[in-house]
Structures are given as C-alpha cells and as structure tokens.
Amino acid sequence: MPADLWSQFDAAPLTLTLRVAGVATVLALLLGVALGWVFARTKLPGRGLLEAVCMLPLVLPPTVLGYGILVLMGRRSALGGWLREHFDYTVIFNWHGAVIASTLVALPLVLKGASSAFAQVDRNLEAAARTLRQSRWSSFVRVTLPLAWPGILAGTLLAFARAMGEFGASLMVAGSIPGQTQTASMAIYDAVQAGRDDLALMLALIVSAVSVAILVLSNRFLQRQPS
Amino acid sequence: MKRLLLLVAALPFIASAQQLTVSAAASLTDAFKEIGPRFEATRPGATVRFNFAASGVLLQQIAQGAPVDVFASADQETMNRGAQQKLVATDTRRDFASNTLVLVTPPGGAVKAVRDLAMANVKRIAVGKVASVPVGRYTQQALENAQIWAPLQPKLVFADNVRQVLDYVARGEVEAGFVYRTDAELAKGKVVIAMTVSGHAPVTYPVAVVADSRQAGLAREFVAFLGGAEAQGILAKYGFGKP
C-alpha cells in the first residue's frame, strides 16, 4: 500500500544522510586538495607511504575503520576519555562519528582526483604567473586551481556519493539511533532485518537514484578536464 | 581418470549430505557451540553448522529461503510469526530453555536499578532493536510497565543483537544495558549485574524444525537432543533455566 507507506514515511534518515555526507565532503575536499597538492608538487620525504595511508580507507574493510575509530576515540581511549572529561563530548553514538567515518572513506577520492588534476596543470603557466609578480599563493588560486578544478570537482562528487553510502564504520561508531544517527543506509539495514521490505525498497530506490545522478554529473566534469 | 574427476566433483555434495544448519538466537552462541560437537559424536557422519544472530533476523533469512534446518528463537513471538507464515513444522516445536532479563552496567557504574536510568548522568542506554531482537522487546515490555519507556527514548541506543548490547556496556560506551543473565555471566568483570528485571513475558526459548528442511530426520533428532540430559546439562552450565 504505497499511500500507507507515504503517510508513515520518515524523511529523517535521508536528511541526516545528506547532512553527514555534506559535512564529510567539505572536510574531505579541504584535506584532499591540500594533500593532493603536496603529493603532486612536493618531494616530501615519506610521501609514498603517506599517500598509501591516505588511500587505505578505499580498500580496508569498513569494520577495520570502525574498530580503529572506536579504539582511538572511544570512551576508554586517551583522546575519547579526555574529550569526555573536559567537554562532556563523545563521537560515539553521535552523528559526528558518522562524519569522521565518511570523511575518511571520501578522502581518497578527492585526493586522487586533486593530485592527478594538479599533475596535469602546465607548470609553465604557473611560472608565467610568478614572473608577473604573483605570489605563490596567488598563482595557486588564480592559475593552478582554475585549471585543476574539473578534476577536483569530479573527485568531490564521487566522494559525496561514497560518503552517502558509508555504512559499516558509521554503524560501529555512531550506532543506528532513529532521528539521531540513523542514516539512509542504516534505515535500509534495519528495515530488511525487521522484514519491512516495502520501506527498504523505497529507500534503496531513492538512494540509488541520487547516486546515479551524482555519478553522471561526475563523469561530465571528468570529460571537461583538460588533457 | 574420468571416474576420479566425477568423484572429486561430487565430493562436496557427499560431504554435505549429512550437514545440518541450525539458526540460533545470539544468546545461545556459547552453549550451542558446545552442544554441536556432542550431537555430532552421537551421529557419525553428521556435521552441524550454526548461524547465530537476532531471532528476528534469522526468521527473515528463513522467510527468504535460506537453507536452514533448525530454528531456535529467544522468544515465543518470533516463533509464532514463523508458525503463522508456515516457515516451521509446528508439530516439532518445543521449549528447551529459559532465561532472565537483567540490567547491566560497566564496573563502578552509578545505575543500581531501573529507576536510576532517568538520572541526568545516564546519557546512553543500550537495548536490542525492538522490531527484530527479542531482548529488545522484553526490555520494552518491562520499561513500559514501569512507565519509563517513552521518557527514556532519547537515551536509547538500539543494537543488532543481545551480544552487541553486552559489548556496548563492556566497552563503557553506554551507562547501562539490558541483556540476559547468561550473557552477563559470560562478561563477568567487564559488566556488573545491577538488578534482575521483571514486568515482561517469561523468557523461554522455543525450537522447531524448519518446514523446508532437506534434513528433516536429522533436524528432528537435533531438536530431541536439545531436550536430553546431555544438552540440558550444558545449557544449565551456562546459566539457562529449565523451560
């Protein structure tokens, strides 16, 4: 009964998913562009290893990531204990925990997009900007970023889609609390467990539709990238 | 050569000919892992594999056609649903154990009784998901009877099964949780039993042969074995009561 399903439909998991994925994508974008530039343009010692560590969430089981966050930020950990002691704050069973997990899985996609986009920018154009008395920062903002942005944006859109789909690590850290930490992927999981196939199907279709739209958009930007 | 290949290809089927799949409530994990080999010892050639999860989840798997032979639930309600959907052979159904609902806290916790859960310094309380986890439903009944289920809602963290509730408490991520006494006993030292909870339906464990079982004979034998002295002794050792 679709009418019945609509009347009792709860949009909270969808809005929370957008909020978590949105915040995580902004964080991943800032971190990813900075690190992407470092990896593409500098000869930092241990760069290869650092890059591998940043890319790790792409291939690690989400349970490892979730367990890692629990161990590093749980109440019994040094950091988690300190935050709780001084600020009465914890990321456990808090949607901020889901943001941390989603940021970590989204970061590799922004990072990869940004570092390859930076690598493709013609260094002569930057050098030309420097001869026109532009500072290093100014030439980065006025020349490098505008040339690299389609690649960065494509990576960012992928990162948003990935962050929307985060499940395992978020479930372990933030739990599935309706109205507080229950994202769309968790609501689907709960619905399947409870035998609410109609609700699960509806949420799955919405999430899939949004993801397809994002992937199409991301491909558009990738094709616009200067080669 | 050809015959050998045929034999090798058929080997997995021969080996699984006497394999019994038992889906059992998460709280039964440790006791059943000990009962399994004892049953195998009495039936040469038979192997038992277990699938542990929340009872509601197990029933969903059976409803979706999972190849399960025996279903052991932590409450009557889930088994009733299985009977209504004709997923289990009702003539094989019987109760084989009972349990108690308890309130647990991390060691040194401030919560001593159910009424303490309303205190401001109790931020999070772990309970099983009401829709799929029996211990969550028992908890809901008890707290509704105490008329504190609704006011406590903002503090509740819903877990996938009773062992996850136990883990949340043992890690100190929540101030309290509701589990069975048998689970609390297994985590002695990490959790403390604050009190025995009343005001809910009796916790009894029904078992039945799954209607679509391809090992119905062996499955019936396993159900009978659970009622026998050897299995009952193991269940008692883990703290389960008589049905």
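The values are calculated or read from the model by the stated rules, or taken from the named source; none is laboratory data. From a predicted model like this one, the values you see are computed outputs, not experimental measurements. Cβ sites come from the backbone with ideal geometry, for glycine too, and all protein chains shown count toward neighbours.
Taking segment A:39-81, which residues are outside any helix (DSSP H, G or I) and more than 14 Å from chain B (Cβ to nearest Cβ)?
Within segment A:39-81, A:Thr42, A:Lys43, A:Leu44, A:Pro45, A:Gly46, A:Val59, A:Leu60, A:Pro61 qualify.
Among the residues of segment A:104-126, those that are without any contact (Cβ under 8 Å) to a residue 40 or more places away in the chain and either buried (at least 24 other Cβ atoms within 10 Å of the Cβ) or not charged (D, E, K, R) (or both) comprise A:Val121, A:Asn124, A:Leu125. The residues listed here are A:Pro150, A:Pro178, A:Pro146; of these, the one that is within 14 Å of chain B (Cβ to nearest Cβ) and either at pLDDT below 90 or within 30 Å of A:Ala128 (Cβ to Cβ) (or both) is A:Pro178.
Evaluated against (1) in contact (Cβ under 8 Å) with a residue 40 or more places away in the chain; (2) within 14 Å of chain B (Cβ to nearest Cβ); (3) small (Gly, Ala, Ser); (4) closer than 30 Å to B:Gln85 by Cβ, A:Ser170 falls short on exactly one condition, (4). Note on segment B:137-161: residues that are touching a Phe, Trp or Tyr at 6+ places or on another chain (Cβ under 7 Å) and within 12 Å of chain A (Cβ to nearest Cβ) amount to 2. Beta carbons closer than 7 Å, at least 6 apart along the sequence or on distinct chains, pair a first residue in segment A:26-45 that is at pLDDT below 90 with a second that is among the β-branched types (Val, Ile, Thr) for A:Leu44/A:Val38. Looking across A:Ala129, A:Ala191, one residue alone is surrounded by fewer than 24 Cβ atoms within 10 Å (Cβ to Cβ) and at pLDDT below 90. It is A:Ala129. Scanning segment B:37-65 for residues that are small (Gly, Ala, Ser), surrounded by fewer than 16 Cβ atoms within 10 Å (Cβ to Cβ) and within 14 Å of chain A (Cβ to nearest Cβ) yields B:Ala63, B:Gly65. Scanning segment B:30-48 for residues that are in contact with a strand residue (DSSP E or B) (Cβ under 7 Å, 6 or more places away or on another chain), in contact (Cβ under 8 Å) with a residue 24 or more places away in the chain, under 19 Å from B:Arg214 (Cα atoms) and of a type outside the set (Val, Ile, Thr) turns up B:Phe39, B:Ala46. Counting residues in segment A:82-105 that are touching a Cys at 6+ places or on another chain (Cβ under 8 Å) and either away from chain B (no Cβ under 11 Å) or assigned to a helix (DSSP H, G or I) (or both) gives zero.
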